[in-house]
Amino acid sequence: MKKKNKKEKYYRIYVGNTLFMFIYKTGNFFRNIYWKIFKKEYASAYKKYKNDLLNVKRLQKNFIKISKSQNRKIKNFSDVPLFYYRFNSKTISIKIRFLNLPKEINYENFLETIVITSNLKVIEKIFKDGFYYVELGLLADNIPEKVFIDNSSDRLNIPIATSFGKIIYWNIKSVPHALFTGSTGSGKTTFVKYVLSNILRYYEVNCIDGKSIDYIKYSDYFKKYESVLNKENCISMIKEFNDEMIGRFTYLQEIKEDNIYDKNIYQPKFLMIDEYTSFIESLDKKTKAEILNLIGNIARLGRAVGMILILLMQRPDTTFLSGEIRNNFLLRVVLGPNGNEIYRMMFDTADDFENNMKIGQGYARVGGKQYIISVPYVKSIELS
């Protein structure tokens, strides 16, 4: 009787699996036809993703192989994950679950295997309710389309880049102050020109040009422009920006308001310092301490009255931007290939970052969310 029950149980499992595979393969067959006929514009992307999905399908075997090579212990096959996936023209979403009790380290190892065995990059990962949700994508080789603010109702949301076809916005009300870094040739200047093209349409920007040549041709666009060669004028600009911030606080106290945005009391205003580290290094000891104190003051208090900092540098050294002050910069962008040290300085960790980014590609943290970004190419600041 027991043997019969075992046979029946085995038969039910066999039939169930066979039926599942039939439905699965039939669905794939019709999906392939759909993409070839109705999604011709995505044909090349589909082919590329299909190859990557084949890599993902091999991951159970690769997971065991790589784990052994890295001296990871796999007690039995149930330690190997099961996964379900869906994809569109831009990304692949995978839901992973282990048969044994879930351990987050297993999910991390599996994710590492995905990166090793495919060309995919991790967009987002969430560990929730025993499942590991991972969104993967392949950065487009083509330059993303430029998107400019064309509606006054969107003035608080500044387009800064794209992430796998999705536009990434900087909300200057909820995410104050920006920190941009990247080595020479990383695409940082092009990125800043694109961001400025959107900011200058509606807001005043004061600019300290760290190289004296990158922004001089756009000097008429800025409310105030100073070359770093005119050091005293640059120092005065920072002091005046701080004084204006204090003046805004004083006025808000007089009218008993705590928000400039709801009643349109003041417009946001920006101070951009290019090559910030080099500029601070060029100051004498007394002046350096004074300017660092002013920058820290603006970083801490500026959000409430719409006085916003944009700092550009090649190396975000804590000597010139302490951890306490840096915590107020809720938009952080790292462009181009960088070492782990730069990622630690910018994002407090080097985990989940790759060092093979191309020019015009990088990572952005906007508030609490992190993105892999591509930057539209602009030759100049465009206001029309």
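Values in this text are rule-based calculations from the coordinates and carry no lab data. Because the structure is predicted, anything quoted here is derived from the model rather than measured. All Cβ positions, glycine included, derive from the backbone under ideal geometry; neighbour counts span all protein chains shown.
Is there a quick way to get the dipole size of region 152-374? I mean about its Cα centre, with the Cβ of Lys and Arg at +1 and of Asp and Glu at -1; what is the value in debye to the nearest 20?
Dipole about the Cα centre, nearest 20: 360 debye.
Within region 189-242, which chymotrypsin sites (Phe, Trp or Tyr not before Pro) sit in a loop by DSSP and count at most 15 neighbouring Cβ atoms inside 10 Å? The partial results should precede the final answer.
On the way: sites: Phe191, Tyr194, Tyr202, Tyr203, Tyr215, Tyr218, Tyr221, Phe222, Tyr225, Phe241; in loops: Tyr202, Tyr203, Tyr215, Phe222.
Here the sparse-neighbourhood loop sites are Tyr202.
Give me Rg/Rg_expected for region 152-374, where Rg uses Cα atoms only and Rg_expected = 2.2 N^0.38 Å with N residues.
Rg over 2.2 N^0.38 Å, computed on Cα atoms: 0.98.
How far, in nm, would the chain grow between Glu354 and Asp243 when pulled straight, counting 0.36 nm per residue and subtracting the alpha carbon separation?
Between Glu354 and Asp243, full extension yields an extra 35.8 nm.
Under a 5 Å amide H to amide H cut-off, with H placed in plane at 1.01 Å, what residues pair with Met357 once short-range neighbours are removed?
Hits under the 5 Å cutoff: Asn338.
Please give me, ordered by residue number, the trypsin sites (Lys or Arg not before Pro) of region 298-384 that lie in loop per DSSP and have at most 10 other Cβ atoms within 10 Å.
Here the trypsin sites (Lys or Arg not before Pro) that fit, given the DSSP loop and packing criteria, are Lys379.
In region 226-254, which residues have a backbone nitrogen under 15 Å from the label point lying 7 Å from Asn293's Cα in the Cα-to-Cβ direction?
Counting only backbone N, you get 239-240, 242-243.
Under a point-charge model restricted to the Cβ atoms of Lys and Arg (+1) and Asp and Glu (-1), what is the dipole moment magnitude of region 168-226 relative to its Cα centre, in debye to the nearest 20?
140
Each label point is 7 Å from the Cα along the Cα-to-Cβ direction; what then is the distance between the points at Leu383 and Ser278, in nm?
2.6
Would any residue of region 251-278 have its amide N under 13 Å from a label point 7 Å out along Cα→Cβ of Glu204? List them or say none.
Within reach of a label on Glu204: 266-271.
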